[in-house]
1. Find the accessible area per residue for the stretch 78-198; the probe is 1.4 Å, ligands and nucleic acids are left out, and the unit is Å².
2. Can you tell me the length gained on complete extension of the stretch ILE140 to GLN169, counting 0.36 nm per residue apart and subtracting the Cα distance?
3. Can you give the accessible area of TYR156, probe radius 1.4 Å, in Å² rounded to 10?
4. Report the dimensions of the stretch 137-176 along its three principal axes from the alpha-carbon atoms, largest first, rounded to Å.
5. Could you sort 144-152, 18-26, 161-169 so that the peptide with the highest average Cβ count within 10 Å comes first and the rest follow in order?
6. For the Cα atoms of the chain, what angle does the longest principal axis make with the long axis of helix 22-34, in degrees from 0 to 90, nearest 10?
7. Per 0.36 nm of contour for each residue apart, how much would the distance between ARG186 and ASP104 grow if the chain were fully extended, relative to their Cα-Cα spacing?
8. To the nearest 10 square angstrom, how much accessible area does LYS27 have with a 1.4 angstrom probe?
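The values are calculated or read from the model by the stated rules, or taken from the named source; none is laboratory data. Just so it is clear, the model here is predicted, and its values are computed rather than measured. Neighbour counts are summed over all protein chains in view; Cβ atoms, including those assigned to glycine, are modelled from backbone coordinates with ideal geometry. With ligands, DNA and RNA removed, areas are computed over all heavy atoms of the protein, side chains included. Shrake-Rupley method; radii C 1.70, N 1.55, O 1.52, S 1.80 Å.
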Amino acid sequence: GEVFSSVARRYDLMNDLMSGGLHRLWKSALLDRLNPHAGDLLLDIAGGTGDIAEGFLKRGGGQAIICDINSAMLTAGQDRSFDRGAVRGVGRICGDVAALPISDRVADSCTIVFGLRNVTRRQAALAEMRRTLKPGGHFICMEFSPAVIPQLKIAYDAYSFHVLPWLGQRIAGDREAYKYLAESIRQFPEPDVLASEMADAGF
């Protein structure tokens, strides 16, 4: 909680710097896959600053609900939306993904973008996201992976454990938050293990 409260106001800027802007292309590809329609409802988990939800509505989606456990991230996202004149269509709920305050089978799509590795009770969270989806609904998880090709490992580790904390200190004023980011990626399961967990949750 302290990590995300600390960096909430600079979160989007840090994402641009850390990824060289690539996160915007990745998220655009996610929205392409969702292919929103007018009557669709999106449940975006850990979507604090609102870029996925806003993109969903801009592409013709009907309604978006953001659920994030961190109130500072929700507030930062709401302020950013107001600044850009996007004040309608997005609902915001402060809640735990492992016990979602959402009814069964209401969402046409559920997304979690760079958020699942921060979830303590991952299996419960996956089951909850599955519960909220309508039959035939779509679940998309976008996440960093500890799995990299061997030729990139040295550079990946150097970037993760040296460059990211340095950027965190210079831009967000919090070195430890971005040291945590690197560590959380290394603690996350390999893709085949995660896929198995998703299957156990009903996906």
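1. Per residue, the stretch 78-198 has 55 Å² of solvent-accessible surface.
2. On the way: separation 29, 0.36 × 29 = 10.44 nm, distance 3.13 nm.
Answer, rounded to one decimal: 7.3 nm.
3. The accessible area of TYR156 comes to roughly 50 Å².
4. For the stretch 137-176, the Cα spread along each principal axis is 41, 29, 12 Å.
5. 161-169, 18-26, 144-152
6. The angle comes out near 20 degrees.
7. 26.2 nm
8. LYS27 exposes around 20 Å² with every protein chain in place.
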